[in-house]
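Asker: The structure that follows is given in the form of structure tokens.
Quick note: the coordinates plus some simple rules give every number you see, no bench work behind them. Worth saying up front: this structure is predicted, and the values here are computed from it rather than measured. Note: ideal-geometry Cβ built from the backbone for every residue, glycine included; neighbour counts use all protein chains shown.
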Amino acid sequence: MRILLTGAAGFIGSHTAEALLRRGDEVIGVDNFDPFYDRALKERNLLAVQAAGPERWHFIEGDLCEQAVLDRLWEFGPYDAVVHLAAKAGVRPSIEDPVSYVRANLEATVGLWEQCRLHGPKRVVFASSSSVYGADSQAPFAEDARCDRPVSPYAATKRAGELLAHTYVHLHGFDLTCLRFFTVYGPRQRPEMAIHKFATLLWRGEPIAQFGDGGSSRDYTYIEDIVQGVVAAVDRPNGYAIYNLGGDRETRLVDLTRMLARALRVELTVEQKPEAPGDVPRTCADLTLARAELGYEPSTPIEDGLRKFAGWFIEHGVQ
Ligand SMILES: NC(=O)c1ccc[n+]([C@@H]2O[C@H](COP(=O)([O-])OP(=O)(O)OC[C@H]3O[C@@H](n4cnc5c(N)ncnc54)[C@H](O)[C@@H]3O)[C@@H](O)[C@H]2O)c1
């Protein structure tokens, strides 16, 4: 297949590109090196992608908000599928700068899908987020749960993307699969995400800021499991579909920090902070639908995933 992959230089994008190249697909990647985190890290991600299939890999630097960039991308078409992972990620920064999140996560998304409508393909996989469930959903979260009370601008842009996806399926006959990723971790994780940030502090011997009482919990998903779900969604177009991709287990913050310190073989110290606004207390994916329709099966327990992350962090991630 020939696949257009947005956000290719990022954490999930670079791993997805590698997996697609390894199985023989041709991948055209695009990314604007959004300054949310260091460009050098994204350039290093791209070196790994390049190595996975240099003859089937093309990369274009550009901002999806610009029509000229979208036009240029289609000069490399036609494509069989589009995997749209590009976005401004992160809950807390979206509270400070909601306008740029709406631009990158919504305007760019509609611009991309308009291009798909006009020139094809109508087969798209879209990165959504567990944050669409908000603070009052009943765990485990099933895809048909009420999702109309997002508690951050980031979550609102992701939910709005899902709603627009429905419109494109309804009006224009797209196959558009929205994947709700649950806290993804592993090598190359974004440096501001909890596990990576905690590892940096622990390694320096500094205390970890723990927001709330540490009883909040997350369904952490190892990157290889997420990539398996993304690739399955590319292969199984299904009209308008939404699937949770989670790790199939909840881990409390207090347990996570203990396991991470053990994986890094360092001592743990914690600094207590009040609950942060925009954070949800608990995430937990119901995977029934993803198992049945995508054949999704997460296979990396958190202990193993943290060990793999720690190995990568010590070799490549220490700053
Ligand atoms: N990592 C997670 O735990 C998680 C959880 C839920 C959802 N997601 C979603 O998965 C996707 C990938 O997340 P990630 O963790 O790999 O983040 P990331 O920041 O590492 O990757 C996103 C990439 O998109 C690029 N980008 C942003 N705006 C762009 C634009 N206008 N034009 C072109 N490129 C642009 C960025 O430069 C970046 O490289 C995002 O859509 C994110 O919202 C991630």
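Asker: How do S131, S299, S137 line up, fewest other C-beta atoms within 10 Å first?
Answerer: The order, fewest Cβ neighbours first, is S299, S137, S131.
Asker: For the Cα atoms of the chain, what angle does the longest principal axis make with the long axis of helix 194-204, in degrees from 0 to 90, nearest 10?
Answerer: Value to nearest ten degrees: 50.
Asker: Moving to a separate point now. Tell me, in nm to one decimal, what length is gained between A292 and R236 on full extension, where the rule is 0.36 nm per residue of separation less the Cα-Cα distance?
Answerer: Full extension from A292 to R236 adds 19.0 nm.
Asker: Under a crude label model (7 Å from the Cα following the beta-carbon direction), how far is A40 from E192 in nanometres?
Answerer: 1.9 nm
Asker: Let me ask something additional. For the pair H172 and E206, what calculated FRET efficiency results from E = 1/(1 + (r/R0)^6), where r is the Cβ-Cβ distance and R0 = 51 Å, to the nearest 0.05?
Answerer: Calculated value: 0.50.
Asker: Want the number for E55 to D213: 0.36 nm per residue separation, take away the alpha-carbon distance, what's left?
Answerer: Contour length minus Cα-Cα distance gives 51.8 nm.
Asker: In terms of Cα to Cα distance under 17 Å, which aspartates and glutamates are near enough to K42, apart from those fewer than 8 places away along the same chain?
Answerer: The qualifying aspartates and glutamates are E18, D31, D34, E61, D63, E192, E315.
Asker: Using just the helices of the chain, give the 222 nm mean residue ellipticity in deg cm²/dmol: DSSP H runs with n ≥ 4 each add -39,500 (n - 2.57), and the total is spread over all residues, rounded to 500.
Answerer: -12500 deg cm²/dmol
Asker: Now for a different question. Quick one: angle between helix 223-235 and the longest Cα principal axis of the chain, in degrees between 0 and 90, rounded to 10, please.
Answerer: The helix 223-235 is inclined about 20 degrees to the chain.
Asker: Something else: How do I314, I3, I242 rank when sorted from fewest to most other Cβ atoms within 10 Å of their own Cβ?
Answerer: In increasing order of surrounding Cβ atoms, one gets I314, I242, I3.
Asker: Okay, moving on. Run the reach check for K273 against lysines, Cα to Cα strictly under 21 Å, same-chain hits fewer than 8 apart removed. What comes back?
Answerer: K197
Asker: Rounded to the nearest 0.05, what FRET efficiency is calculated for E96 and D304 with R0 set to 35 Å and r the Cβ-Cβ distance?
Answerer: For R0 = 35 Å, the calculated efficiency reads 0.50.
Asker: On C-alpha positions alone, give me the angle between the axis of helix 253-264 and the longest principal axis of the chain, in degrees, nearest 10.
Answerer: Approximately 90 degrees, to the nearest 10.
Asker: May I ask you to list the aspartates and glutamates whose Cα is less than 15 Å away from that of K308, ignoring any residue fewer than eight positions away on the same chain?
Answerer: Excluding near neighbours in sequence, the set is E224, D225.
Asker: How much length is gained on full extension from K273 to R252, taking 0.36 nm per residue of separation minus their Cα-Cα distance?
Answerer: Using 0.36 nm per residue and subtracting the Cα-Cα distance, I get 6.0 nm.
Asker: Same structure, new question: Label points 7 Å out from Cα along the Cβ direction at H316 and V266: separation in nm?
Answerer: 1.9 nm
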